[in-house]
Amino acid sequence: MTIALDAVPRIRRGVKCTYDQIREAHVVLFPEGVLVLNETAASVVALCDGVRSIGDIAVALADEYAGVEPGDVTSLVARMVERRVVDVDG
Amino acid sequence: MADAPFGLLAELTHRCPLQCGYCSNPLELVRRDAELATEDWRRVFDQARSLGCLQIHLSGGEPLLRPDLPELVAHANSLGCYVNLVTSGVGLSRDRLRSLASLGVDHVQLSLQDATREGNDRIAGIKAFDRKVEAAAHVLDEGLPLTVNTVLHRQNLDNIAGIITMAERMGAERLELANTQYYGWALRNRAVLLPTREQLAVADPIVAAAQERLRGRMEIVYVIADYHEAHPKPCMYGWGARQLTVAPNGDVLPCPAATVISSLEIENVRDSSLHDIWHHSPSFNAFRGFEWMKDPCRSCPRKEVDFGGCRCQAFQLTGDAATTDPVCSLSPDRSTVDLILETEMKPAEVPAMAMRKMQ
Ligand code: SF4
Ligand code: SF4
């Protein structure tokens, strides 16, 4: 699927984002499973607030991580949409 | 050491107001006086969380029959787990659901036996349809995501379009359409349940079209009728890989149906910790990885996908749990399955369904 830069992602209803002390990783919990996130993915998911666009998220992350491109954010969000963790409007 | 599990299936009780003849609980149901106490379950949840579980599926039987369900929901939630309530919907009043939601239920999985009141209630053995419809409405009102679950078989496959419509009307985000797996009760009732090839040939494209039409609105998961296929369905993500089941009496099972493998030595939470059982028990290690496999699975590339199929089915149809799932076309025992299809798909005389009951 293709997602535009001005699309606004949000965490789906019924999806919980939390930190797992056992695995020492951020995780996403949803009806059909668990996703263990790496650091970048966790930062993206934390910014999927239904307000920021993909472009906004990329800008916000560029401060934190050198070399994060909007395309990286887009493909990560696309994967999250596929796993039914994130919805996009717009 | 094996990787940590992600999910605990907590079968809080085998008691259930419904009597479905394909119930996944064992033929020998655990009686109320043998069920774990509240304190035991709290300890099991604690151990499951420290072992790595992040999802707790509260199931049964009917979990609403446990008076301590609110306390157990709250406890599972306090551990940071995702709490999934698996219910028939019978007994799920608006107030009950509201209180369970406020205590931490994250998702509700509701069974539906058929598309219509008449069909549903015949299979369930009690008048449950209207209560399911009401329960679904309460779940939506509470803003919780809903999965509807239907087990498919000869008696309801012709109504597949209606079942999909019903799940849509109930507001489900997900619909699981699972063809019957033949262990325990379903094995006993196989001659009543086994679908015909013609039924499946009609149903399969209806499901595929609905998956396409409802994409993004309602996800439809379809579990194949494995007797009719050339390859088995995958065994979870592998035996002892992602999930464990605790039965009402505290037995710890690598797979929900594992009690059918009578050669498997089952451990209990009253005697050992979940940690020891997950990592060190013979039952969890019996079919972990690929080393236990014999040919044809051992040298088959599909083993990475299907893990050699179902251990319970292998045991029930051949007496050897470590053999290739006999539904596989590469299995030397495939003829057993073909013979069953021949004699039980259209039996000369259809027996009556044995309804699920406690002895
Ligand atoms: S031989 Fe074994 S691994 Fe290969 S397809 Fe059949 S069941 Fe699966
Ligand atoms: S052994 Fe069979 S019933 Fe058990 S989880 Fe695997 S496929 Fe399912």
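The values are calculated or read from the model by the stated rules, or taken from the named source; none is laboratory data. All of these numbers come straight from a predicted model, not from anything done at the bench. Neighbour counts are summed over all protein chains in view; Cβ atoms, including those assigned to glycine, are modelled from backbone coordinates with ideal geometry. Heads up: the accessible areas ignore ligands, DNA and RNA and are worked out on the full protein's heavy atoms, side chains in. Shrake-Rupley method; radii C 1.70, N 1.55, O 1.52, S 1.80 Å.
Examine the stretch B:313-334 for a residue that is open to solvent by less than 40 Å² (accessible area, probe 1.4 Å), closer than 24 Å to B:Ala4 by Cβ and not hydrophobic (A, V, I, L, M, F, W, C), and state whether such a residue exists.
No, every residue in the stretch B:313-334 fails to be open to solvent by less than 40 Å² (accessible area, probe 1.4 Å), closer than 24 Å to B:Ala4 by Cβ and not hydrophobic (A, V, I, L, M, F, W, C).
Output the residue which, of all residues in the stretch B:224-254 that are free of Cβ contacts under 8 Å to residues at least 60 places away in the same chain and more than 16 Å from ligand 1 (Cβ to nearest atom), is farthest from the other protein chains (Cβ to nearest Cβ).
B:Asp251
So which pairs qualify, if the first residue must be in the stretch B:286-306 and more than 8 Å from ligand 1 (Cβ to nearest atom), the second must be open to solvent by 40 Å² or more (accessible area, probe 1.4 Å), the Cβ gap must be under 7 Å, and the two must be at least 6 apart or on different chains?
B:Ala286/B:Trp292; B:Phe290/B:Lys303
Would you be able to tell me the number of residues in the stretch A:20-34 that are within 7 Å of another protein chain (Cβ to nearest Cβ) and open to solvent by 70 Å² or more (accessible area, probe 1.4 Å)?
1
Tell me the helices (runs of 4 or more DSSP H) entirely within the stretch B:89-207 that contain at least 2 residues that are open to solvent by 10 Å² or more (accessible area, probe 1.4 Å) and within 30 Å of B:Thr318 (Cβ to Cβ).
Filter on the stretch B:89-207 gives B:184-188, B:190-193.
In this structure, does B:Ser283 turn out to be away from chain A (no Cβ under 14 Å), among the small types (Gly, Ala, Ser), within 15 Å of ligand 2 (Cβ to nearest atom) and touching a strand residue (DSSP E or B) at 6+ places or on another chain (Cβ under 8 Å)?
Judged against the criteria, B:Ser283 is a match.
Failed condition for A:Ala78, given (1) closer than 30 Å to B:Leu58 by Cα; (2) part of a helix (DSSP H, G or I); (3) within 14 Å of chain B (Cβ to nearest Cβ), with all others met?
(1)
Would you check which residues across the stretch B:316-348 are of a type outside the set (Val, Ile, Thr), within 16 Å of ligand 1 (Cβ to nearest atom) and in contact with a Phe, Trp or Tyr (Cβ under 8 Å, 6 or more places away or on another chain) and list them?
B:Gln316, B:Ala321, B:Ala322
As an exercise: evaluate B:Gly143 against (1) at pLDDT 95 or above; (2) within 14 Å of chain A (Cβ to nearest Cβ) and give the number of the one condition it does not meet.
The single condition B:Gly143 does not satisfy is (1).
Can you tell me which residue within the stretch A:35-58, out of those that are aliphatic (A, V, I, L, M), out of contact with any Lys or Arg (no Cβ under 7 Å at 6 or more places or on another chain) and open to solvent by 70 Å² or more (accessible area, probe 1.4 Å), is farthest from the other protein chains (Cβ to nearest Cβ)?
Looking at the filtered set, the residue picked out is A:Val51.
Would you mind finding the one in B:Ser24, B:Ser59 that is of a type in the set (Ser, Thr, Tyr) and open to solvent by 30 Å² or more (accessible area, probe 1.4 Å)?
One residue alone meets the criteria, B:Ser24.
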